[in-house]
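To keep things clear, I will list the structure first and then write my remarks on it.
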Amino acid sequence: MPSSFVEYEKTNNRLLRALRDGKEFREITENLSTQNAIIFAPQNVTLDNVTVTRGFVEAHVAFVNPHNSSQFSSLSGIRGIFSEKRDFVLILEGPPSDSERFQFFSDPSAIFGPGSVFASPPSNPVAKLHILRESHVEIQGTSIPLVLISDPITYQGAPWAKTLNPIPKPQKHSSATVGTVVIGANASAEPAHPLQHVNIHEFLERLKDPRALEIAKQLKTFVFYDMELYSLFV
């Protein structure tokens, strides 16, 4: 069954809506089927303050190396890779400077060639983004691979970087209370059984027990930043 999260993003995501409906992006969308293209769509909640410009679109529409599907370059020249387990997108390098653009785009084969950033990837990527879901989305009658990511792709000098609306991370607390989950009756009511406060690691272990499935079904969104774990229960 398709995830309701994915279906919500396909319908409401501001980047995807711009690609479907924006006449100014028609030149891009008409050529998606011929470029081995892929769309990186940041989850919609992070786009509240972002203006979807041509530059933003070109940063998030990419083409994949036909000889190595873990490598990609966006339409604006941002280069990145998928992690080995395909749970992260790693941005290796931002777009070429104005003086480099002609040389960069005049020889497409060189983008993934021996002298490119892919030959010797930096140890510290420019950005590391969680992959939330993978699917396909129809744009101008063509089904395009879709990768839903935790945040917009950024790089040094990205015009939209200052306007982002990231999901706030929980505040740190003492080791005695950090990462706990309350299991039991509604706290506002008199519990039939004592409430249990368990460490988050114990809670994740308990979810492996089939009896815990009902608990998991009640969790619409579960985000645990300390472990860099994103899970969505629907």
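Restricting region 36-92 to residues that are among the acidic types (Asp, Glu) and closer than 17 Å to Asp151 by Cβ, which is surrounded by the most Cβ atoms within 10 Å (Cβ to Cβ)? Within region 36-92, the match that is surrounded by the most Cβ atoms within 10 Å (Cβ to Cβ) is Asp87. Working only within region 39-66, note down all residues that are under 20 Å from Asp21 (Cβ atoms) and part of a strand (DSSP E or B). Passing the criteria: Ile39, Phe40, Ala41, Pro42, Val61.
Can you name every residue in region 104-142 that is without any contact (Cβ under 8 Å) to a residue 60 or more places away in the chain, closer than 20 Å to Leu15 by Cβ and of a type in the set (D, E, K, R)? Of everything in region 104-142, those that are without any contact (Cβ under 8 Å) to a residue 60 or more places away in the chain, closer than 20 Å to Leu15 by Cβ and of a type in the set (D, E, K, R) turn out to be Lys128, Glu134, Glu138.
Within region 112-150, can you find the residues that are at pLDDT below 85 and touching a Phe, Trp or Tyr at 6+ places or on another chain (Cβ under 7 Å)? Correct list: Phe112 only.
Pairs are defined by a Cβ separation below 8 Å, a sequence spacing of at least 6 or placement on different chains, a first member in region 15-42 that is without any contact (Cβ under 8 Å) to a residue 60 or more places away in the chain, and a second member that is surrounded by fewer than 15 Cβ atoms within 10 Å (Cβ to Cβ); the pairs so defined are Asn36/Pro66.
When you scan region 111-133, how many residues do you find that are touching a helix residue (DSSP H, G or I) at 6+ places or on another chain (Cβ under 8 Å) and over 15 Å from Phe82 (Cα atoms)?
Of the residues in region 111-133, 2 are touching a helix residue (DSSP H, G or I) at 6+ places or on another chain (Cβ under 8 Å) and over 15 Å from Phe82 (Cα atoms).
For region 79-127, taking the residues that are hydrophobic (A, V, I, L, M, F, W, C) and assigned to a loop (DSSP other than H, G, I, E, B), the one that is nearest to Ala41 (Cα to Cα) is identified as Val126. Please indicate, with yes or no, whether at least one residue in region 30-43 is assigned by TED's automatic domain parsing to the domain that holds Ile153, out of contact with any strand residue (DSSP E or B) (no Cβ under 6 Å at 6 or more places or on another chain) and hydroxyl-bearing (Ser, Thr, Tyr). Yes, region 30-43 contains a residue that is assigned by TED's automatic domain parsing to the domain that holds Ile153, out of contact with any strand residue (DSSP E or B) (no Cβ under 6 Å at 6 or more places or on another chain) and hydroxyl-bearing (Ser, Thr, Tyr). Applying the condition of being more than 16 Å from the chain's Cα centre (by Cα) and of a type in the set (Val, Ile, Thr) to region 27-69 and asking which residue is farthest from Lys128 (Cα to Cα) yields Thr34. The single residue among Val147, Val126 that is farther than 27 Å from Arg20 by Cβ, surrounded by 17 or more Cβ atoms within 10 Å (Cβ to Cβ) and under 15 Å from the mean Cα position of the chain (by Cα) turns out to be Val126.
The values are calculated or read from the model by the stated rules, or taken from the named source; none is laboratory data. A quick note: this is a predicted structure, and the numbers were derived from the prediction, not measured. Counting neighbours? That spans all protein chains shown, and the Cβs are built from the backbone with ideal geometry, glycine included.
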